[in-house]
Each structure stands twice: as C-alpha cells, then as structure tokens.
Amino acid sequence: MNNSRFFRSFITQKMALLAFLGLFLLSPLASAEMKGFEDFKGNPQTLENHLGKGKWLVVMMWASDCHICNREAHQYVDFHMVHSDTDATVLGISLDGQSRKKAAENFIKKHAVDFPNLIAEPEFVSDLYQKYTGQYFAGTPSFLVFAPDGELKAAQAGAVPTKLIEDFIKKNPVKKVVQK
C-alpha cells in the first residue's frame, strides 16, 4: 500500500512539473500568437478593424516570394484605385512575418501598393483563415471577400481575377450600411 501511495505521489509531482515546464516553454509562443497583426508601422491591428465600413472588403493574403502574388499585385492596386471611393476596398495581409518584413516592404514598394497592408506570422494568418472559412489555409494568394456589413461572402485559395470580384459584387447587392 505504501508503494502505491508513493508511486501516485511521484507521478503527480512529475506531471505537475511537466505541466509547469510546458507552460513556461510555451508562453513565448502564446505571447507571439496574441500579438497578431500589425500595420507596417508596427501598430497592432485586427481584421475586424477593417470590416463593416460600408464597403465591400477584399482581403488579399500574400507573400513577397509568391510568384502569383507578384504577377497579379497590380490588378489589386488598380481595383482598389477604381473602387475605393465608391463600393470596395482592398486590404493586404502579408504572411512574411517579422523575419521577412523588409522583403514585404520591398514588395509593396515594387508594386506601388497603395491599399492598406498588415503583416503577421504565417500561423496566425492560417488560424484567421480557418476561423472565418472553416477550411485549412492552402497558401498564397488567398482571398476573403466581406460584404459592407462585415459578413464573409466568399473565400478563395489561389489567383482570382479582379473582374470576377467585380461581377460577384454586382450580382450580390447588399443594403447600404450606415457607418458608425
């Protein structure tokens, strides 16, 4: 009986120690994940800050080394320029993370991207994509299209010509949202 009590006590102590060490070792990861998105000036941001502004929001998830993103960035710059004063805006989200922030900044400069952009670690963007779509993140580019009221209306992994987005917006009119 004493051996059994000793064994349970020993296991309980070891499990508590492992749990404590696990929390200690994982806390930097948890803190990094909690940080989330930033704009390119280092200010914390959330996707929710950009939703429900009375216009459609096209979220383009990109990476500086994505060949398709580089090839098609100009389409989204043009789309934003044409629509931003009327019915739709673009928000870019770079998956380059802090370690490749300079490469992301070069992408923005190279393509004269003038719509807002955020940057986050790839895992955080993947989690966000899954939260909104219920699907696993497949890679860049990927798109989320939100109605003016902030409701997700479409998601697509892979290239999407802006003409298709324009047609989608025309075919899915929504009531005008009054900005708060």
Task: Complete set of residues in the stretch 72-102 that are polar (S, T, N, Q) and either more than 18 Å from V160 (Cα to Cα) or not in a helix (DSSP H, G or I) (or both) - done: S84, T86, T89, S94, Q98, S99
Open item on the list: Looking at the stretch 169-180, can you tell me whether even one residue there is in a loop (DSSP other than H, G, I, E, B), surrounded by 14 or more Cβ atoms within 10 Å (Cβ to Cβ), modelled with pLDDT of 95 or more and not acidic (D, E)?
Closed with: no
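From the list E166, E151, which residue is under 20 Å from the mean Cα position of the chain (by Cα) and either modelled with pLDDT under 95 or over 23 Å from D39 (Cβ atoms) (or both)?
Numbers: E166 fails: under 20 Å from the mean Cα position of the chain (by Cα).
Answer to the check: E151.
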TODO: Looking only at the stretch 103-138, count how many residues are touching a residue at least 40 places away in the same chain (Cβ under 8 Å), part of a loop (DSSP other than H, G, I, E, B) and among the small types (G, A, S).
DONE: 1
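The values are calculated or read from the model by the stated rules, or taken from the named source; none is laboratory data. Nothing here was measured: the structure is a model prediction, and the numbers come from that model. Every residue, glycine as well, gets a Cβ built from its backbone with ideal geometry; the counts of neighbours run over all protein chains shown.
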